[in-house]
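Only one structure is covered here, and it is reproduced in the block below.
The values are calculated or read from the model by the stated rules, or taken from the named source; none is laboratory data. If you're wondering where the values come from, they're calculated on a predicted model, not measured in any experiment. Because the Cβ atoms are built from the backbone with ideal geometry, glycine has one as well, and the counts that use them run over all protein chains shown. The area values use the complete protein model at the heavy-atom level, side chains included, leaving out ligands, DNA and RNA. Shrake-Rupley method; radii C 1.70, N 1.55, O 1.52, S 1.80 Å.
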Amino acid sequence: MAEHRQLQRAALLDAARVLLAEGGREALTFSAIAARAGLARSSVYEYFRSRAAVVEELCAVDLPLWAAEIEAGMAACDSARDRLEAYVRGQLHLAADPRHVAVAAISELELDDAARERIRAAHAGLITLVVDALRKLGHENPRLAAVLLQGVVESASRQAERATADEAAAIADAAVALALDGLAGSA
């Protein structure tokens, strides 16, 4: 029975992901989730009390997967500079995913403060991925540098949300240059 419930919950989350990717936050309704998962609408209420609860669960499941993807991209790099670039580009790539954009929009509008804080804490876990690379680059306080870098990544993500593909690429390049060479740029 427990396995059946886990499978149904996973099917509902998969349906929510598809709906977000295809239609954005407006597409994420309990009726649509149920239809996509092949379940009765009332079944969705057995697992989630609200649309916000679906979003919170998606974040809880997907953020560790996205962090693992960023970490894998960093691990494939030979130098600390390359790992730093992979960290920035990896996050910007994931932030451009339509599901992430829709989840972020719903999170801002519908989640309570406690849920937002849990999601912020999960995002903060990304910071630990880059501390070692910053240490190897000679930062005196690599943890603080990582927190500041995360602010740059989040700002670049917000700028890229409304950008064309070419503009988003330029934003990513600027964020990487800022991360690697600071405001003065490389010599």
For the stretch 41-55, Karplus couplings with θ = phi - 60° (6.51, -1.76, 1.60), whole Hz, Gly/Pro x: 4, 5, 5, 4, 5, 5, 10, 9, 7, 7, 4, 4, 5, 4, 4
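Could you calculate the contour length gain from Ala124 to Ala2, that is, 0.36 nm times the residue separation minus the distance between their Cα atoms, to one decimal place in nm?
Length gained, Ala124 through Ala2: 40.8 nm.
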Assigned charges on the beta-carbon of Lys, Arg, Asp, Glu; the chain dipole about Cα centre (debye): 380 debye
Acute angle (nearest 10 degrees) that the helix 142-161 long axis makes with the longest principal axis of the chain, alpha-carbon atoms: 60 degrees
Charge dipole of the chain about the Cα centre (unit charges at C-beta), most positive-ward option of Ser43, Ala175, Leu65: Ser43
For the stretch 121-128, 3J(HN,Hα) per residue [Karplus equation, 6.51 cos²θ - 1.76 cosθ + 1.60, θ = phi - 60°, Hz, x = Gly/Pro]: 4, 5, 4, 4, x, 4, 4, 5
Estimated inter-spin distance, Arg135 and Ala68, nm [label 7 Å along Cα→Cβ]: 2.5 nm
Sequence ranges 62-68, 85-91, ranked by mean other-Cβ count within 10 angstrom, highest first: 85-91, 62-68
Efficiency of FRET between Glu161 and Asp181 - r from beta-carbon atoms, R0 41 angstrom, step 0.05: 0.95
Estimated FRET transfer efficiency (Leu148, Val18; beta-carbon r; R0 41 Å; 0.05): 0.70
Within the stretch 131-187: Cβ-based charge dipole about Cα centre, in debye rounded to nearest 20 (Lys, Arg +1; Asp, Glu -1): 220 debye
Average accessible area per residue (Å²) across the stretch 106-157 - probe 1.4 Å, nucleic acids and ligands excluded: 56 Å²
Point-to-point label distance, Arg49-Ala10, nm (Cα→Cβ direction, 7 Å offset): 2.6 nm
